[in-house]
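As structure tokens, the structure follows; a few thoughts come after it.
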Amino acid sequence: MMKRFAGTSLFASVIGLALAGGALAEDWKFAIEEIPGSIMDSYAQEFKARIEAATDGEVTVTIYPLGSLGTPSEVAEQTADGVVQFSNLSVGNLGTIAPDSQFLLTPYLFPSDPEKISQVLATSKTLNEEMAQDLAAKGLHLGALYSEGQQVWTTKSDVRSPEAADNFKMRVMVSPLLITAYEDLGFSPTPVPFGEVYGALQLGQVDGQVNPVPTIEEMKFYETTDYMIWAGGEELITIVMSGEDWYQGLPEDRKTLIDDTLADLNEFINPVVTQFNEERLDKIKAAKPDMQMITLTEEERALFRERAEGTQTKIGDVVSARGAELLEALKAEIAE
């Protein structure tokens, strides 16, 4: 594997030797792209508690929330370089460092049942073996995947068909696949950095945005829109990662501790996600009683789902041939 920085392996080796001799206390940096009190923060806090308890405080975990260490894309680079030991980012923010992973953003890819989604993310060989190998080649070690729940459109108008989306400026992440996907759905996709979304909605630079309910409540996006629309097309898939060189340089007992802790957190995070989505939706309803809540019918979703099928045929061009290969493999697993 190509080393991103010559010093990374040396650093990992020094850490490994120090650990073997029990001579050095460790501080692991854990960066998240959300604010304190969020789903990602809950995940990181539980990881911190379990690791510190298991090592009797020999390892401490310091959590860095949104913006503390730069943009999510910069955090991904820092993770690959071993500067940050762990990060939890949405897959959409890996577009620069690991573009093949962007196939996971394809609308209407995952089943609608949250339990089935969790099962796919935890057990898929396409993701946990094939994609993990690709990430390792980019300097990233895949630790876990989980969903923060269904993504919801918050809009200034009632959008129930591709025709109603015509000339509608929908904010998307800076991702070629998402731009293509929302064009295919009928929207005018408009990339806006996450920290600027509220202002863009307020000033009319965009007509809507898409995020899970907890993010909509935390960032107050509902204040500048009139509708929340459940279209059933997307999940916010997040990825927990380490630097590959850093991870491989650890003693075996540390690797086992990390692997076991992340595996156990798959059971921990699912009810947390459910609770966050329910409680934050209640907060939105209380704060803005006149917010229109719309769940598209199966017939209405079918119109968008048909458009999304066109996006899937473009993955090879928009993402990569490898991304298209992974997409087809994952679709086959889901179908089974």
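Of everything in the range 289-314 that is closer than 13 Å to L177 by Cβ and in a loop (DSSP other than H, G, I, E, B), the residue that is least open to solvent (accessible area, probe 1.4 Å) is K314. Filtered by the rule that a residue be under 30 Å from D226 (Cβ atoms), out of contact with any Leu (no Cβ under 8 Å at 6 or more places or on another chain) and of a type in the set (A, V, I, L, M, F, W, C), the range 289-331 gives M291, M293, I294, L296, A302, L303.
The single condition among (1) exposed (fewer than 12 other Cβ atoms within 10 Å of the Cβ); (2) under 21 Å from S38 (Cα atoms) that T274 does not satisfy is (1). Among the residues making up the range 140-174, those that are more than 29 Å from D245 (Cα to Cα) and open to solvent by 50 Å² or more (accessible area, probe 1.4 Å) are Q150, K156, D158, R160, E163, D166, N167, K169.
Given the structure, is I229 in a strand (DSSP E or B) and surrounded by fewer than 24 Cβ atoms within 10 Å (Cβ to Cβ)? Answer is yes for this residue.
Take the residues in the range 315-336 that are charged (D, E, K, R) and surrounded by fewer than 17 Cβ atoms within 10 Å (Cβ to Cβ); name whichever of them is farthest from E129 (Cα to Cα). Quick ask: steps written out before the conclusion?
Residues of the range 315-336 charged (D, E, K, R): 317, 322, 325, 328, 331, 333, 336.
Next, only the ones that are surrounded by fewer than 17 Cβ atoms within 10 Å (Cβ to Cβ) stay: 317, 325, 328, 331, 333, 336.
Working: D317: 24, E325: 14, E328: 15, K331: 15, E333: 13, E336: 18 Å.
Selected residue: D317.
The listed residues are T60, T96, and the only one of them that is of a type in the set (V, I, T), farther than 27 Å from V318 by Cβ and open to solvent by 10 Å² or more (accessible area, probe 1.4 Å) turns out to be T60. Within the range 83-93, the set of residues being under 19 Å from D245 (Cβ atoms), in contact with a Ser or Thr (Cβ under 8 Å, 6 or more places away or on another chain) and surrounded by fewer than 24 Cβ atoms within 10 Å (Cβ to Cβ) comprises L89 only.
Is it the case, given these coordinates, that A286 is under 28 Å from S118 (Cβ atoms) and assigned to a helix (DSSP H, G or I)? The answer is no for A286.
The residues of the range 188-203 that are touching a strand residue (DSSP E or B) at 6+ places or on another chain (Cβ under 8 Å) and either open to solvent by 10 Å² or more (accessible area, probe 1.4 Å) or at positive phi (or both), listed by number, are S188, P189, T190, P191, V192, G195.
When M241, M170 are checked against the criterion of being closer than 25 Å to P111 by Cβ, in contact with a Pro (Cβ under 7 Å, 6 or more places away or on another chain) and either among the β-branched types (V, I, T) or not in a helix (DSSP H, G or I) (or both), M170 stands alone in meeting it.
The values are calculated or read from the model by the stated rules, or taken from the named source; none is laboratory data. Source: prediction; values computed, not measured. Cβ coordinates were reconstructed from backbone atoms using ideal geometry, including for glycine residues, and neighbour counts include every protein chain displayed. Each accessible area value is taken on the protein alone, full model and side chains, heavy atoms only, with ligands, DNA and RNA left out. Shrake-Rupley method; radii C 1.70, N 1.55, O 1.52, S 1.80 Å.
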